[in-house]
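Down below is the structure, laid out as C-alpha cells.
The values are calculated or read from the model by the stated rules, or taken from the named source; none is laboratory data. Nothing here was measured: the structure is a model prediction, and the numbers come from that model. Backbone-built Cβ (ideal geometry, glycine too); neighbour counts: all protein chains shown.
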Amino acid sequence: MKLAFCDLTHLFIDELEPLAKKLGKENEYKEVSSKNLGVKDITQYLHLLHGMKVEEIAKEIEKAKPYEGAVEFISGIKRRNYKPIIVTDNPLLHFREVRNIIEKKLNVNDIYSTFVLTKNYDIEQYFPKEIICEKLYNRYKPRILLGVVQGENDYNMAKFVKERQGKVIGVNSDSEKIREISDYWVEETRYLPKILSAIE
C-alpha cells in the first residue's frame, strides 16, 4: 500500500468570493479578505455564507476548474499504485454535496476537511491535518508515503510524512518552512506532472 496525502483543492478564500457576490456581500468579503485571516479565524469568512443553501454553494463550485496539472498528477500517482487522499483546510469540503463535485473533478474517492460544520456554517469541530493523517496512516499502514503540500498550514502534515520516511512535494508556496522540508519543489501545480518520474 502506498498513500499520498495531498492538498490540491482550491483555497476557501478564492471560492468564497463568487459566493459572496451572489449573496450581495461583496463589500463584506473585501473587508474580511483584506485582513489576511488564518485558519483559526475562519468563522469570520463562514458568516458570509449565512442565507445560502449548500446545494447553491455546490453549483457555484462546480463552475471552477481544478488547478492546472492537478488531475494529471493524481492520475499519474494512481498509475504508480498510490492511493491519493485529499486533506484540506477548506471547510466547504465538509459537505457531501461539495465533496462529490471535487471527487469527480480530481478523480479521487477520499476527501477529508479539517472542519466539521453545522448546517448554518458554524464550526462544530476542528481536526488538524496531522491528526487526520495519523488516523488514515494507522488504518492503511502504507509501506510508502507521499505528501503534496502548499501553504504553511500544511507544515505539520509535511512533517508527519517526513517522520515516517516519506517524501514531500512543495507547491507554489512562499513559506520557507515548506521549502525547507520539501524533497521536491515546483513553482506551480501545472509543473507537478513533470516530477512523476522521480516518484517511487
Flag if Lys105 is assigned to a helix (DSSP H, G or I), charged (D, E, K, R) and under 21 Å from Pro18 (Cβ atoms):
yes
For segment 61-84, enumerate the residues that are modelled with pLDDT of 95 or more, buried (at least 19 other Cβ atoms within 10 Å of the Cβ) and outside any helix (DSSP H, G or I).
Tyr82, Pro84
What are the pairs, 6+ residues apart or on separate chains, where a residue within segment 102-118 that is free of Cβ contacts under 8 Å to residues at least 12 places away in the same chain has its Cβ under 8 Å from a residue that is part of a loop (DSSP other than H, G, I, E, B)?
Glu103/Asn109
Cβ-Cβ under 9 Å, sequence separation 6+ or interchain: first residue in segment 74-85 and without any contact (Cβ under 8 Å) to a residue 12 or more places away in the chain, partner surrounded by fewer than 17 Cβ atoms within 10 Å (Cβ to Cβ). Which pairs?
Arg79/Leu196
Taking Glu56 as the residue in question, decide whether it is among the acidic types (Asp, Glu), over 15 Å from the mean Cα position of the chain (by Cα) and assigned by TED's automatic domain parsing to the domain that holds Leu136.
no
So is Glu124 within 21 Å of Val54 (Cα to Cα), without any contact (Cβ under 8 Å) to a residue 40 or more places away in the chain and surrounded by fewer than 15 Cβ atoms within 10 Å (Cβ to Cβ) or not?
yes
Are any of the residues in segment 178-195 over 19 Å from the mean Cα position of the chain (by Cα) and within 14 Å of Ile74 (Cα to Cα)?
yes
